[in-house]
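The values are calculated or read from the model by the stated rules, or taken from the named source; none is laboratory data. Just so it is clear, the model here is predicted, and its values are computed rather than measured. Here the Cβ is made from the backbone with ideal geometry for all residues, glycine too, and neighbour counts use every protein chain on show. Please note that ligands, DNA and RNA were not included when accessible areas were found on the heavy atoms of the full protein model with its side chains. Shrake-Rupley method; radii C 1.70, N 1.55, O 1.52, S 1.80 Å.
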Amino acid sequence: QVQLVESGGGLVQAGGSLRLSCAASLSIFHINTMGWYRQAPGNQRELVASLTPRGDTNYAASVKGRFTISRDNARKVYLQMDDLKPEDTAVYYCNKLTTWLPWGQGTQVTVSS
């Protein structure tokens, strides 16, 4: 069973940046469209960015122009988050776009105003 481990979250002031990492226990990112999701308290989990095996990206309107998803090999994917806003505060997860794997523990991102 593939395990996903997210890291890189933290507390940052509005306007700051963070780089999240997602590591998989098996090489899956080169053959699956991967996504970064987030879930804020009281909200449903939402997809914020996705990356196809070919390298095509897609972003939620709320993060477009500020977040960048990338991959450096078949087992690591990143989310560069710039110009962070308080509304970006959430737990961030990575997973496939479809047929989800077991969810990792996520990484908390807190943006103060």
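Points worth noting:
- If you check 37, 59 for being touching a strand residue (DSSP E or B) at 6+ places or on another chain (Cβ under 6 Å) and farther than 20 Å from residue 24 by Cα, only one passes: 59.
- Residue list for region 5-22, filter: within 15 Å of the chain's Cα centre (by Cα) and under 22 Å from residue 60 (Cα atoms): 6, 7, 8, 9, 10, 17, 18, 19, 20, 21, 22
- Residues within region 36-58 that are open to solvent by 20 Å² or more (accessible area, probe 1.4 Å) and under 16 Å from residue 93 (Cβ atoms), tallied: 8
- Taking each residue of region 1-14 that is over 15 Å from residue 100 (Cβ atoms) and looking for partners that are modelled with pLDDT under 95 with beta-carbon atoms closer than 7 Å, six or more apart or interchain, yields 14/113.
- Restricting region 73-113 to residues that are β-branched (Val, Ile, Thr) and out of contact with any Gly (no Cβ under 7 Å at 6 or more places or on another chain), the residue that is most open to solvent (accessible area, probe 1.4 Å): 99
- Single residue of 110, 98 found to be of a type in the set (Ser, Thr, Tyr), in a loop (DSSP other than H, G, I, E, B) and in contact (Cβ under 8 Å) with a residue 40 or more places away in the chain: 98
- Verdict on residue 15 being under 20 Å from residue 110 (Cα atoms), in contact with a Lys or Arg (Cβ under 6 Å, 6 or more places away or on another chain) and not aromatic (Phe, Trp, Tyr): no
- Scanning region 59-72 for residues that are of a type in the set (A, V, I, L, M, F, W, C) and open to solvent by 20 Å² or more (accessible area, probe 1.4 Å) yields 60, 61.
- Conditions (1) touching a Lys or Arg at 6+ places or on another chain (Cβ under 7 Å); (2) closer than 15 Å to residue 4 by Cα; (3) in contact (Cβ under 8 Å) with a residue 60 or more places away in the chain; number of the one not met by residue 80: (2)
- Residue list for region 18-35, restricted to those being assigned to a loop (DSSP other than H, G, I, E, B) and open to solvent by 30 Å² or more (accessible area, probe 1.4 Å): 25, 26, 27, 30, 31, 32, 33
- Residue-level analysis places residue 62 among those that are touching an Asp or Glu at 6+ places or on another chain (Cβ under 9 Å), part of a loop (DSSP other than H, G, I, E, B) and of a type in the set (Ser, Thr, Tyr).
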